[in-house]
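Below you'll find the structure I mean.
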Amino acid sequence: MRVTPQTVSDEHAWVRDRADVVVPILNDTRDRLGRLFETDVDAVAPDAYRREVDVVFADGEVAVNAAACVALLRDLDVAGDYPGFVVDATLAWTDGSARFREVDVVRETRFRFADGVEGMFEAAVETWRQIRAEGEPVGSITTRSNDGDPNGALYLFADAPGSDTFDEVRTGRLPIEPLVARVNDSRDGDDPREVFVLRPAEHEFVAVYVVFDRDGVLAQTVRDTYDLGPGLAAGLDASYPGGDGGDPTAPGGSDGSSDSGADDDFDDDFDDDFDDDFDDDLDDDFDALDRL
């Protein structure tokens, strides 16, 4: 990629002119975090955004790097990418589109989304009722296997009328990567995780479930129950990315449908895996409220 003074000037203008797009997203995120943490956060004005952009592009070396990153990331075309994977990559831009020239997968954590879930498991529903009774907008519990071993961290977020927490999580406006980082910090090793983001049809919350073992029984059970890709019925799937030919990140499951069904016996087999005590078996600092 060749970055000229004109390239820097063009990218500066492009970023600066996006105030009408960036500033509302920025302020919405700041407002939401302010409500969650019960603090006042000042809004960012469009003129302030433009001034900060000008500051970045006023520094020659920083401006060159910023222009290159903006140009590359805006048109990045990665064949076979998979949301959630952490990679160490070398980018090349030789024919008009940025592509990976070399890529090594560092960690294969997967993110799956299901909207309008029918049959949300009762433990999540009961936990949410307890959270709301305590007047909290967010909370978490540790889940356990039948042997009593911790196997996941379940986070529940308010999704009140007028808000769209599910969309904010999916688009990255409400980041959940820090939740995965907390799990990694609290566990030995840095194994691939499976993260399920579920919005039940009949309740006003969004569940973010970080399952410790991506290919374990729990992850397969959740995939089976909510039609989110190959699970116990299909056996361990060692061919990702690619999966079973569907889109595992589409809302509602691999077929992209908006509603996800649940097995009638799911609650009977699954609820026993939940520890009703909030975060008792996680480190004291492993709390949804200090996730950012």
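What follows draws every value from the coordinates through simple rules; no lab data is involved. Since the structure is predicted, the reported quantities are computational estimates derived from the model, not experimental observations. Note: ideal-geometry Cβ built from the backbone for every residue, glycine included; neighbour counts use all protein chains shown.
For residue 111, list long-range residues whose amide hydrogen, built 1.01 Å from N in the peptide plane, is under 5 Å from its own amide hydrogen.
Residues meeting the amide H criterion: 195.
Roughly how many whole Å is it from the C-alpha centroid of the stretch 156-221 to that of the stretch 111-149?
Distance between centres, Cα-based: 11 Å.
Once phi is turned into ³J(HN,Hα) by the Karplus curve 6.51 cos²θ - 1.76 cosθ + 1.60 with θ = phi - 60°, what whole-Hz value does each residue of the stretch 162-173 show in order, with x for glycine and proline?
Each residue of the stretch 162-173 in turn: x, 10, 9, 4, 4, 5, 5, 5, 5, 8, x, 5 Hz.
By its C-alpha gyration tensor, with a ≥ b ≥ c as the square roots of the eigenvalues, how is the stretch 1-78 shaped: rounded for a/c under 1.5, else prolate for a/b larger than b/c, else oblate?
It comes out prolate by the Cα gyration axes.
Would you mind computing, in nm to one decimal, how far apart the modelled labels at residue 130 and residue 185 are, each placed 7 Å from Cα along Cα→Cβ?
The answer from the label model is 2.4 nm.
I've got another one for you. Modelling each spin label as a point 7 Å along the Cα-to-Cβ direction, I'd like the residue 65/residue 37 distance in nm, to one decimal.
My value for the distance between the label points is 2.5 nm.
Would you grab the residues whose amide H sits under 5 Å from the one on residue 229? Only those 5+ places off in sequence or on another chain, please, with H modelled 1.01 Å from N.
HN-HN under 5 Å from residue 229: 254.
What ranking do 171, 29, 109 get, fewest neighbouring Cβ atoms within 10 angstrom at the top?
By the 10 Å Cβ count, ascending: 171, 29, 109.
Starting with the highest mean, order 120-128, 31-39, 8-16 by the number of other Cβ atoms within 10 Å, averaged over the residues of each peptide. Can you show the working numbers first?
Working: 120-128: 19.7, 31-39: 13.2, 8-16: 16.6.
Answer by packing, highest mean first, reads 120-128, 8-16, 31-39.
Residues of the stretch 144-185 with amide nitrogen under 16 Å from the 7 Å Cα-to-Cβ point of residue 213?
144-153
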